Amino acid sequence: MKRVFDPVQFSDNAQRPNCKMIELKLSQGAKPAHGGMLPRAKISAAIAEARGLAFPPTDDCNSPARHSAFDTPEGMMQFIAQLRELSGGKPVGFKLCVGKPEEFAALVRAMLSTGIVPDFVTVDGAEGGTGAAPPEFSNSVGMPMAEGLTLVHAILTGAALRNRIRVVAAGKVLTGFSLVRTLAMGADTCNAARAMLFALGCIQSHK
């Protein structure tokens with residue numbers, strides 16, 4: 001059964017007070033071009049409700065590697081505008097691990113042609129992610145965070161969009177030094193989760 005975007009369900013979830021922003025995931029360092037898989041054991045009643053799944057779960061939740069709501073950069077910008085409206089004006093952005101520079105350039109061109117600009121872009125490095133990542137992917141696919149961040153910062157600056165878009169960076173930001181270094185390279189904000197997840201006892205890292 002193919003699941004499709006449900007505007008009503010999204011609006012109900014997005015307008016909850018504990019939802020602060022919307023992030024559209026194109027890819028992440030752990031698994032670029034690879035859909036997500038949430039094991040059945042991790043599907044709680046709250047997760048099932050938010051994702052529209054049966055509870056108690058009977059199977060793992062497999063997310064596809066592509067979106068069904070759009071298939072072009074321009075379509076993606078229109079979808080971002082739709083998400084912003086359905087969420088009541090909450091910040092909307094997208095996350096990606098940069099693969100080919102021209103693909104991000106195409107997204108920026110779509111921003112300029114449609115006039116629709118995301119509130120933020122999250123740049124994930126190929127070295128990022130949790131222990132759930134296939135080692136072949138985390139070791140071999142996608143740009144490291146430093147290279148991806150430099151590219152995104154430069155292209156947005158060249159398109160005169162950098163002052164309108166916050167850049168978030170992620171990819172083994174483990175210490176105070178790595179955080180300051182990432183901010184100095186052009187990020188406005190850093191995501192740092194991997195070290196904390198492992199310290200707390202990530203199920204996959206135990207395996």
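The values are calculated or read from the model by the stated rules, or taken from the named source; none is laboratory data. Remember, predicted model here, so these are calculated numbers, not experimental data. Every residue, glycine among them, receives a Cβ derived from its backbone with ideal geometry; neighbour counts consider all protein chains shown.
Here is a yes/no grid of residues against (1) in a strand (DSSP E or B); (2) at pLDDT below 80:
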position: Asn13; (1), (2): no, no
position: Pro17; (1), (2): no, no
position: Glu23; (1), (2): yes, no
position: Gln28; (1), (2): no, yes
position: His34; (1), (2): no, yes
position: Ile47; (1), (2): no, no
position: Ala50; (1), (2): no, yes
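Within the range 168-187, does at least one residue satisfy the condition of being surrounded by fewer than 16 Cβ atoms within 10 Å (Cβ to Cβ) and touching a His at 6+ places or on another chain (Cβ under 9 Å)? Within the range 168-187, one or more residues are surrounded by fewer than 16 Cβ atoms within 10 Å (Cβ to Cβ) and touching a His at 6+ places or on another chain (Cβ under 9 Å). The set of residues in the range 79-97 being within 18 Å of Leu161 (Cα to Cα), without any contact (Cβ under 8 Å) to a residue 60 or more places away in the chain and of a type outside the set (Gly, Ala, Ser) consists of Ile80 alone.
Restricting attention to the range 53-98 and to residues that are over 15 Å from Ala110 (Cβ atoms) and among the β-branched types (Val, Ile, Thr), the residue that is modelled with the lowest pLDDT turns out to be Thr58. Within the range 141-162, if we keep just the residues that are of a type outside the set (S, T, N, Q), free of Cβ contacts under 8 Å to residues at least 24 places away in the same chain and out of contact with any Leu (no Cβ under 6 Å at 6 or more places or on another chain), the residue that is surrounded by the most Cβ atoms within 10 Å (Cβ to Cβ) turns out to be Ala154. Would you check if Gly201 is at pLDDT below 85 and closer than 20 Å to Gly93 by Cβ? Considered against the rule, which asks whether it is at pLDDT below 85 and closer than 20 Å to Gly93 by Cβ, Gly201 comes out as no. Give the range 158-200 a look and list any residue that's of a type in the set (A, V, I, L, M) and closer than 30 Å to Gly115 by Cα, or say none. Within the range 158-200, Ala159, Ala160, Leu161, Ile165, Val167, Val168, Ala169, Ala170, Leu183, Ala184, Met185, Ala187 meet the criteria.
Select from the range 70-91 the residues that are over 23 Å from Gly142 (Cβ atoms) and aliphatic (A, V, I, L, M) and write down the one among them that is farthest from the chain's Cα centre (by Cα). Checking each candidate, the answer is Leu86. Checking the stated criteria, Ala126 turns out not to satisfy the condition of being touching a Pro at 6+ places or on another chain (Cβ under 6 Å), modelled with pLDDT of 95 or more and either of a type outside the set (S, T, N, Q) or in a loop (DSSP other than H, G, I, E, B) (or both).
Taking (1) assigned to a loop (DSSP other than H, G, I, E, B); (2) modelled with pLDDT of 95 or more; (3) of a type outside the set (Val, Ile, Thr); (4) at negative phi in turn, His153 satisfies each apart from (1).
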